[in-house]
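Below is one structure, written out as structure tokens, with a few remarks after it.
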Amino acid sequence: MCDLLIVIPGPLRAWKETIVLHNDPITALTPEVIEWRHHIHSNPELGFDENETARFVAEKLRAFGFDEVHEGIGGTGVVGVLRSGTGTRAIGLRAELDALPVVERTGLPYASRNEGVMHACGHDGHTAMLLGAARLLSQSRAFDGIVYFVFQPAEENKGGSLRMIEDGLFERFPVEAIYAVHNWPGLEQGTIAARAGAQMAAVDNFELSFEGFGAHAAMPQLGDDPILAAGAFVQAVQRIVSRSVDPQTALVVSLTQIHGGNVGNIVPGRVWLQGTCRFFEPGHSEHCEKLIGEIAHGVAAAHALKATLDYKKGYPPLINTAIATARAIAAAAATVGSENVSTEFSPSLGCEDFAFMIRAAGGCYAWIGAGDVGPGEGLHGDRYVFNDEIVPTVLRYYVNLVEQTLPAS
């Protein structure tokens with residue numbers, strides 16, 4: 001659904017635009033959606049503990065007159081069912097409920113009231129905008145078929161998407177495809193980006209410890225030195241990226257934590273490291289696990305230490321399917337104009353557990369341009385602020401997507 005703005009020269013133009021905007025249900029609803037977003041932002045909850053957020057969503061869907069509202073799927077997940085016409089074709093729209101363990105430093109009047117928990121990725125906006133689309137479509141019913149509104153728990157690191165699937169999401173609510181959006185700071189506002197194929201990377205995480213005997217720092221010969229081993233590992237592990245895969249292949253191995261020792265005059269007996277691998281080719285998972293293990297045990301042997309590796313396979317790569325992506329791009333073009341839709345861009349090495357849903361049912365994940373940001377203001381930053389100006393764009397995108405994919409007869 002798009003505004004129809006007729007350009008009229010002279011003083012009548014502003015009057016005509018005002019009338020059109022006032023008659024537009026998306027424009028009229030936007031302030032309320034922003035209020036919902038601010039409410040959710042003020043009351044953030046971590047993954048699988050989104051009880052109040054899920055209750056808020058379920059209450060809204062029932063107030064909108066939804067045919068069915070199902071709660072407790074995969075933990076705190078909510079699915080609303082909206083039917084129109086006689087069609088049996090069905091699609092899904094998904095948003096995330098959870099926040100992050102981040103201390104908010106935005107100074108906003110609606111900042112988090114839950115110390116140490118913050119909507120620093122925009123899931124509050126995603127949830128509010130999907131609720132807005134639910135409200136608009138429940139009022140218009142200008143489609144023929146079924147739309148499942150999926151609000152999932154625990155996207156951040158805990159795999160709430162997979163938990164919902166294991167709890168029978170697509171057996172209970174079968175779809176031909178499922179769609180989601182993510183606000184994307186750094187992408188020009190007023191643009192939408194989606195590509196067939198890989199758009200987000202897979203992620204594996206690992207924990208590694210080197211263990212031996214501690215010693216006085218003045219007498220290191222009486223013990224082992226896992227700190228020295230950890231330093232050797234940090235350098236050696238980068239050969240996985242630089243020397244073991246095609247340099248034109250995207251692969252990142254990053255060390256994110258190192259902990260060892262607690263006193264200035266003692267060489268510790270144990271050092272613990274944590275890291276992550278990001279890639280698009282599924283075979284890189286086994287490749288990284290094998291080489292990280294070989295390097296860790298080789299370094300440990302060279303330093304007379306014991307190495308213990310715990311390698312955990314995480315989210316798969318997010319691979320948009322062709323038909324769903326074509327429909328998403330068409331809806332995006334109807335929303336912002338084809339000149340503002342990007343389909344040729346480099347995918348992100350960030351990860352997203354919506355990958356599980358697309359892998360199970362097919363679908364498309366789109367980025368919504370949120371404009372430029374400063375230090376600490378990007379995704380997962382403690383000064384991140386969701387750009388409320390993108391709300392009407394996403395509402396319009398969702399309405400266009402549903403009405404174009406499930407056209408009323």
- Once both axes come from the Cα atoms, what is the angle between helix 51-63 and the longest principal axis of the chain, in degrees from 0 to 90, rounded to 10? 20
- Message: Can you list residues from other chains, or at least 5 along the same chain, whose modelled amide H is less than 5 Å from the amide H of I266?
- Response: A217
- Task: Note down the nm distance, to one decimal, between modelled labels 7 Å out along Cα→Cβ at H216 and at K312.
- Result: 4.0
- Listed residues Q404, V102, T256: farthest to the positive end of the dipole of the chain (Cβ charges): Q404
- Starting at the first residue of segment 300-314, write each ³J(HN,Hα) from the Karplus equation 6.51 cos²θ - 1.76 cosθ + 1.60 with θ = phi - 60°, in whole Hz, x for Gly and Pro. 4, 4, 5, 10, 6, 10, 9, 10, 10, 10, 10, 9, 10, 7, x
- Item | Alpha carbon Rg of the chain, scaled by the compact-globule rule 2.2 N^0.38 Å | 1.13
- Could you check what % of the DSSP bridge pairs in segment 43-148 are antiparallel, to the nearest 5? 75
- Query: Among the DSSP beta bridges whose two residues both lie in the chain, what percent are antiparallel, rounded to the nearest 5?
  - Reply: 70
- What does the charge dipole of segment 111-255 about its Cα centre add up to, to the nearest 20 debye, if the Cβ of each Lys and Arg holds +1 and the Cβ of each Asp and Glu holds -1? 440
- Task: At a Cα cut-off below 30 Å, give the lysines reachable from K290, other chains included and same-chain residues fewer than 8 away excluded.
- Result: K158, K306, K312, K313
- Stretch V263-Q248 to full length: gain in nm at 0.36 nm per residue minus the Cα-Cα span? 1.0 nm
- Return one quarter of the surface area of the convex hull spanned by the alpha-carbon atoms of segment 42-136, equal to its mean projected area, in nm². 6.7
- Task: May I ask you to give the solvent-accessible area per residue for segment 306-361, in square angstrom, as obtained with a 1.4 angstrom probe?
- Result: 45
- Note on the structure: Sorted by chain and number, the residues with a modelled amide H under 5 Å from that of A177, at a separation of 5 or more or across chains, are G92
- Item | Cα-centre dipole for the chain with unit charges at Cβ (Lys and Arg positive, Asp and Glu negative), debye to 20 | 440
- Query: trypsin sites (Lys or Arg not before Pro), restricted to segment 109-207: which are DSSP loop and have at most 15 other Cβ atoms within 10 Å?
  - Reply: R113, R141
- Query: Relative contact order, percent, of the chain when contacts are C-alpha pairs under 8 Å separated by at least 6 residues?
  - Reply: 23
- Query: Which ³J(HN,Hα) values in Hz, rounded to whole numbers, follow from the phi angles of segment 346-354 under the Karplus curve 6.51 cos²θ - 1.76 cosθ + 1.60, where θ = phi - 60° and Gly and Pro get x?
  - Reply: 6, x, 8, 7, x, 10, 7, 7, 4
- Using the Karplus curve 6.51 cos²θ - 1.76 cosθ + 1.60 with θ = phi - 60°, work out ³J(HN,Hα) for each residue of segment 89-102 in order, rounded to whole Hz, and write x for Gly and Pro. 5, 9, 10, x, 10, 10, 9, 10, 9, 8, 10, 10, x, 10
- Message: Compute the angle between helix 123-140 and the longest alpha-carbon principal axis of the chain, please, reported from 0 to 90 degrees and rounded to the nearest 10.
- Response: 20
- If the chain between V373 and A333 were fully extended at 0.36 nm per residue, the gain over the current Cα-Cα distance would be 11.9 nm
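About its Cα centre, how strong a charge dipole does segment 364-409 have in debye, to the nearest 20, once Lys and Arg get +1 and Asp and Glu get -1 at the Cβ? All intermediate terms of the calculation are to be shown ahead of the outcome.
Details: 2 positive and 6 negative charges, 33 e Å.
For segment 364-409, the charge dipole is close to 160 debye.
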- Task: Would you calculate, for the chain, the mean residue ellipticity at 222 nm contributed by helices, counting each DSSP H stretch of 4 or more residues as -39,500 (n - 2.57) and dividing by all residues, to the nearest 500?
- Result: -11000 deg cm²/dmol
- Note on the structure: For segment 357-396, the percent of all C-alpha pairs falling in each 10 Å bin, from 0 up to the bin holding the max distance, is 23, 38, 30, 9
- Name the long-range amide H neighbours of T191: under 5 Å, sequence gap of 5 or more, or other chain; modelled H, no Pro or chain starts. G369
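Quick check: residue separation of T321 and E171 times 0.36 nm, minus the Cα distance between them. What number comes out in nm?
Details: separation 150, 0.36 × 150 = 54.00 nm, distance 1.99 nm.
Additional length available on full extension: 52.0 nm.
The values are calculated or read from the model by the stated rules, or taken from the named source; none is laboratory data. Because the structure is a prediction, the values reported are computed rather than measured. With ideal geometry, Cβ positions are generated from the backbone for all residues, glycine too; neighbour counts draw on all protein chains shown. To get the accessible areas, we keep the full protein, side chains included, count just its heavy atoms, and leave off ligands, DNA and RNA. Shrake-Rupley method; radii C 1.70, N 1.55, O 1.52, S 1.80 Å.
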